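K.L.:
Here you go, one structure.
None of the figures in this text is laboratory data; all of them are computed from the coordinates on show. Treat the numbers as computed from the prediction; the structure is a model and nothing was measured.
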Amino acid sequence: MKRPVAIWINIGFRLMVAFAYFLLGLYVAFYSEFDLGMNFGIPTTVLFGLLFMAYGLFRIWRAYAYFNTTEEEEDEYQKY
């Protein structure tokens, strides 16, 4: 069956937020001018940026998982 419009809007917002987290991580890791010191020989801003990017990818995966769970299968009673 077709998915309702509300589910498509929900998935769209989930993807938009996921890409926002990923792009925020890209900015923080490679383009920001903040100096927060070093951890394990890596600048802290790079670690924070990688964390944001990983969370963005996780949110994309969660949106995909939500998309798969909203798939309705036809039951026997729906065929009549």
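K.L.:
Restricting to DSSP H runs of at least four residues, report the calculated mean residue ellipticity at 222 nm for the chain, -39500 (n - 2.57) per run over all residues, nearest 500 deg cm²/dmol.
P.N.:
That calculation yields -23000 deg cm²/dmol at 222 nm.
K.L.:
Just checking my list [x] 43; [y] 18; [z] 38 against percent of Cα pairs over 23 Å apart computed from this structure; which label fits?
P.N.:
Comparing each candidate, only [x] matches the computed number.
K.L.:
Relative contact order (percent) for region 1-49, with alpha-carbon contacts under 8 angstrom and 6 or more residues of separation?
P.N.:
For region 1-49, the relative contact order is 31 percent.
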